[in-house]
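See structure below.
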Amino acid sequence: QRQFDRNVAQTGTYSPVQGNENHLELTYQAQVTPWLVMQPDFQYVWHPAGGGSDPSYPYRRTGDEAIFGLHSNITF
């Protein structure tokens, strides 16, 4: 893929060379009540898709992403 990106760049078309994607995830489980568990979740992704071009704006790279989530578990 990297070689293909380099070849495309030589034709004059903007094509960033893709690299690594890195991911971090932090989570914690809290027993709120005897029947309810809440689990907040945070994820951060550096260079999604290896830092390739953004499909909406092909002339720039895809930006880093932050993801927030909340999971719950209810026991009856």
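Please state the charge dipole magnitude for the chain, taken about the Cα centre, from unit charges on C-beta atoms (+1 on K and R, -1 on D and E), reported in debye and rounded to the nearest 20.
I would put it at about 240 debye.
Residue by residue through segment 40-52, what is 3J(HN,Hα) from phi via Karplus (6.51 cos²θ - 1.76 cosθ + 1.60, θ = phi - 60°)? Round to whole Hz and write x for glycine and proline.
Result, rounded to whole Hz: x, 9, 10, 10, 9, 10, 9, 6, x, 6, x, x, x.
Out of the GluC sites (Glu not before Pro) in segment 21-76, which ones are loop residues according to DSSP with at most 15 other C-beta atoms within 10 Å?
Numbers: sites: 21, 25, 65; in loops: 21.
Here the sparse-neighbourhood loop sites are 21.
For the chain, evaluate the Debye formula with one uniform point scatterer on each Cα (no solvent term) and list log10 I(q)/I(0) at q = 0.14, 0.19, 0.23 Å⁻¹, rounded to two decimals.
After summing over all Cα pairs, the log10 values are -0.60, -0.80, -0.97.
When 53, 72 are ordered from fewest to most other Cβ atoms inside 10 Å of their Cβ, what list results? Please list the in-between numbers first.
Numbers: 53 17, 72 9.
Fewest to most other Cβ atoms nearby, the residues stand as 72, 53.
Between residue 61 and residues 5 or more places away or on another chain, which pairs have amide H atoms under 5 Å apart, with H built 1.01 Å from N, and which residues are they?
Those qualifying (amide H under 5 Å, at least 5 residues apart or on another chain) are 54.
With a cut-off of 8 Å between alpha carbons and a minimum separation of six or more residues, what is the relative contact order of the chain in percent?
Working: 145 pairs, mean separation 22.2, N = 76.
It rounds to 29 percent for the chain.
Through the Karplus equation 6.51 cos²θ - 1.76 cosθ + 1.60, θ set to phi - 60°, convert the phi angles of segment 68-76 into ³J(HN,Hα) values in whole Hz; use x for Gly and Pro.
The phi angles translate into 10, x, 9, 9, 9, 9, 10, 10, 9 Hz.
For the residues 61, 6, what sequence is obtained by ranking on other C-beta atoms within 10 Å, fewest first?
Taking fewest neighbouring Cβ atoms as first place, the list is 6, 61.
Subtract the Cα-Cα distance of residue 75 and residue 42 from 0.36 nm times their separation in residues, and report this length gain in nm to one decimal.
Extending this stretch completely gives an extra 9.5 nm.
Rule-based calculations on the coordinates, nothing more; no lab input. Small disclaimer: the values here were computed from a predicted structure and weren't measured. All Cβ positions, even for glycine, are placed from backbone atoms using ideal geometry, and neighbour counts span all protein chains on display.
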